Structures are given as structure tokens and as C-alpha cells.
1. Cβ-Cβ distance below 6 Å, separation of 6 or more or different chains: which pairs start in segment 33-44 with a residue that is in contact (Cβ under 8 Å) with a residue 12 or more places away in the chain and closer than 15 Å to Leu93 by Cα and end on one that is of a type in the set (S, T, N, Q) and crowded, with 17+ Cβ neighbours inside 10 Å?
2. Being in contact with a strand residue (DSSP E or B) (Cβ under 8 Å, 6 or more places away or on another chain) and surrounded by fewer than 18 Cβ atoms within 10 Å (Cβ to Cβ) is the filter here; which residues of segment 1-28 pass it?
3. Taking the options Ala88, Ala81, Ala114, name whichever one is of a type in the set (A, V, I, L, M, F, W, C) and out of contact with any Ser or Thr (no Cβ under 9 Å at 6 or more places or on another chain).
4. If you go through segment 116-135, how many residues are under 10 Å from Met169 (Cα atoms) and either touching a Leu at 6+ places or on another chain (Cβ under 6 Å) or free of Cβ contacts under 8 Å to residues at least 40 places away in the same chain (or both)?
5. Any residue at all in segment 133-150 that is farther than 19 Å from Ala102 by Cα, out of contact with any helix residue (DSSP H, G or I) (no Cβ under 6 Å at 6 or more places or on another chain) and surrounded by fewer than 13 Cβ atoms within 10 Å (Cβ to Cβ)?
6. Taking only segment 113-133 into account, find how many residues are touching a strand residue (DSSP E or B) at 6+ places or on another chain (Cβ under 6 Å) and among the hydrophobic types (A, V, I, L, M, F, W, C).
7. Can you say whether Ile6 is of a type in the set (Val, Ile, Thr) and within 19 Å of Gly79 (Cβ to Cβ), as far as the supplied structure shows?
8. Would you please name the residue that is surrounded by the fewest Cβ atoms within 10 Å (Cβ to Cβ), looking only at residues in segment 163-197 that are of a type in the set (Asp, Glu) and over 22 Å from Asn210 (Cα atoms)?
Amino acid sequence: MSTENIHLSLILPAYNERLRLPPYLAAVRSYLDARYGGDYEVIVVDDGSGDDLLAVLQREHVGWPQLRWLQHPENRGKGAAVRTGMLAARGDLLLFADADGATPIEEESLLAAAIHAGADVAVGSRLIADNGRRRSRGWFRGLIGRLFSATARRLMRLSVRDTQCGFKMFRGDAGRKIFSLVEEPRFLFDLEALILADRLGMTVTEVPINWTEVPGGHLHLARELPRIVVQLFRLRRRLRKSV
């Protein structure tokens, strides 16, 4: 494949997503074809899936040369999958999104506008108030998400309110620099990426987006939260030592 840059790379980390990914891929293809012509790529990173995701991707690839995929031999975590995709991407703009399609692909234009206005990183946000945006989320996950974001912001001294939204865009060179340094393989990679952007003197803009919770996710917050909190303090110690 050519190493020539293209306008947009969309990275989709996927683990056992043979059911939820195809509808999103259909929406992605329709939108990106109309907006960018052929000047884009979609990179699905199969993070050691045990379902027939590969067969789905092979089927979707027919007649769609902009779609390609990379595979981890075993499940390494969302952060590791995003890092693999970001470092393989050729775009002038790098966007990662969740494979469930919780964020409509059309929101890409809002983040791209922020980048073109001067931001190095544009973060999709479910927490910035905007009467024109629709957010649908179960009350429990919403509460836990808000509490975690508030705790993470205070501990890490970040200005971004919604650190964990899975829809973030990077100017190409900024994204490749950040993800060459990211070490967190799982849930906390977003935090590390934002901290690194701040340390590197990059401009980060938070953009309100539409977002709808999609059933069938792999993260069970009630069960995983204690482990995530431990990892949060470990990340804080590690980054403090690296200052």
C-alpha cells in the first residue's frame, strides 16, 4: 500500500464486534465517500477477537479499497488497539471512534473544524452542555462516568471534562507523536494521551457531540471500577516519575 498521505484516517478498535460493527461501517462508508471521495482510509484493529469478525471485514472490503484491518494475535486492550491503528495511519487527520457507533460518524465534521481552527487535538464531549446535541445514556453508567472523569481531571490536572469519550481527532503529526509515547493498553489510554498532549504543549479543544449508548459493550463498570481506580493511581505515579 502507498505510504502517501491521505486526508483522514479513521481508526476503529474492535473486539468481538461482528454484530455491532457492520451497521457502523455502512454509515461510515456512506458518509466518508460523500465527504472525502476516496481520500480517506478506515483501519479496523481486530484486538484478538474470538468471533468471526475477520470474515465480516473481508466481506465489507469487497468494493471498498479504503477499508483495511490489522490484527492482534491476542486481546491486548482498547488502548493497545488504538495505538496500533494510529501508528499505522497515513492521514493528515487521525480520528478514533468506538466500533459500536455510539457517536454518529457525522460528528467528525465538528472535530475537523476544531483542528482546522488551530487545535492539535479535538475531543468529543458528552459533558459540555449544548441544547442542540442529543445524549442518551443509562443513569448508572452516566453517574459513574461523570464521577470518574471528575476524579481523573482533579488527579491529573486536566481541563478536559469528558476524558473517556471514544471519539477523538488528532492532527496527523500530533497524533503519531502522542501515540508513540502512550503505554497504557486499556481503559486509561485516553487519559495518558491527553496528559501527553498537555506536556508536549499541544492545543486541546473539547467539542460537544451527539452520543447514544449502544447495548452489548465489553466494559462492566461496576465490576471493573476498583481495578480501574488502582490503575489510575498507578498511572499518576508513573507519569510523576517521568517529569
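No value in this document is a laboratory result; all are computed from the given coordinates. As the structure is a computational prediction, the values presented were derived from the model and not from experiment. In this analysis, Cβ positions are derived from the backbone assuming ideal geometry, glycine residues included, and neighbour counts consider all displayed protein chains.
1. From segment 33-44, the pairs are Tyr40/Gln66; Glu41/Ser9; Glu41/Gln66; Val42/Gln66.
2. Met1, Asn5
3. Ala81
4. Taking segment 116-135 first, the residues under 10 Å from Met169 (Cα atoms) are 119-124.
Cutting the leftovers down to either touching a Leu at 6+ places or on another chain (Cβ under 6 Å) or free of Cβ contacts under 8 Å to residues at least 40 places away in the same chain (or both) gives us 122.
Count: 1.
5. Checked segment 133-150: at least one residue is farther than 19 Å from Ala102 by Cα, out of contact with any helix residue (DSSP H, G or I) (no Cβ under 6 Å at 6 or more places or on another chain) and surrounded by fewer than 13 Cβ atoms within 10 Å (Cβ to Cβ).
6. Final tally of qualifying residues: 7.
7. no
8. Looking only at segment 163-197, we keep the residues that are of a type in the set (Asp, Glu), and these are 173, 183-184, 190, 192.
With over 22 Å from Asn210 (Cα atoms) added as a condition, the list becomes 173, 183-184, 192.
Numbers: Asp173: 11, Glu183: 15, Glu184: 20, Glu192: 20.
Checked segment 163-197; the qualifying residue surrounded by the fewest Cβ atoms within 10 Å (Cβ to Cβ) is Asp173.
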